[in-house]
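K.L.:
This is the structure I have questions about; it appears just below.
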Amino acid sequence: MRTATTVTQMLLRLCFLALLVLGVLFWTGHAIGLEPLHMAIGGVFVLGLWAMAILGFASKAGADLVVMALIGGVIVLALGMTQKALMIGDLHWIVRVVHLLVGLAAMGLAEQIARRVKA
Ligand code: HEM
């Protein structure tokens, strides 16, 4: 269980880093053509998050975190898929900040589950 958790954790960290780098590039008006890559990595990230939730469930890491990770994955995915169409205009920055914060929170959840599984 520990090995699977470590592998999933590393995958999530890698995806997260790539998503952040690409996201910051988009935010500053660069590499817009890499959006599909960002979305594909985002999809892998969400699958990894759900895998972490299952690992957490299997090792009784706490139902609260597991449920939050499952729901968090749905929110990250739903927001990412729709965000370009949300609040277009002057207030779109709010959607962008929320997108980043939701991603950060999801990563934090995965790290917490991993810590509990390994404890
Ligand atoms: C940990 C997960 C994620 C992080 C940290 C992250 C981070 C970011 C950041 C910082 C940006 C630039 C600011 C913005 O436009 O919002 C961005 C843009 C974007 N992200 Fe993500 N992202 C994540 C997951 C996803 C997922 C799962 C999808 C879709 C499946 C997605 C789709 C997009 C799209 C389409 C944009 C461009 C939006 C625009 O041009 O307004 N992201 N992301």
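K.L.:
In whole Hz, with x marking every Gly and Pro, tabulate ³J(HN,Hα) for the stretch 96-102 from phi via Karplus 6.51 cos²θ - 1.76 cosθ + 1.60, θ = phi - 60°.
P.N.:
In residue order, the calculated couplings are 5, 5, 4, 4, 5, 5, 5 Hz.
K.L.:
Report ³J(HN,Hα) in whole Hz for each residue of the stretch 3-13, in order, from the Karplus equation J = 6.51 cos²θ - 1.76 cosθ + 1.60 where θ = phi - 60°; Gly and Pro get x.
P.N.:
Here the 3J(HN,Hα) series is 5, 4, 5, 5, 4, 4, 4, 5, 4, 5, 5 Hz.
K.L.:
Calculate how steeply helix 63-82 sits against the longest principal axis of the alpha-carbon atoms of the chain, using the helix alpha-carbon long axis, and give the answer as 0 to 90 degrees to the nearest 10.
P.N.:
Tilt of helix 63-82: around 20 degrees.
K.L.:
State to the nearest 20 debye the size of the charge dipole of the chain about its Cα centre, where the only charges are +1 on K and R beta carbons and -1 on D and E beta carbons.
P.N.:
420 debye
K.L.:
In sequence order, what are the phi-derived ³J(HN,Hα) couplings for the stretch 24-37 according to the Karplus relation 6.51 cos²θ - 1.76 cosθ + 1.60 with θ = phi - 60°, rounded to whole Hz, with x for glycine and proline?
P.N.:
3J(HN,Hα) across the stretch 24-37, in whole Hz: 5, 4, 4, 4, 9, x, 10, 6, 4, x, 8, 4, x, 5.
K.L.:
Just for the Cα atoms in the chain, what are the lengths along the principal axes, largest first, rounded to whole Å?
P.N.:
45, 23, 17
Each value in this text was obtained by applying a stated rule to the coordinates, not by laboratory testing. The model shown is predicted, which means the values in this text are computed figures rather than measured ones. All Cβ positions, glycine included, derive from the backbone under ideal geometry; neighbour counts span all protein chains shown.
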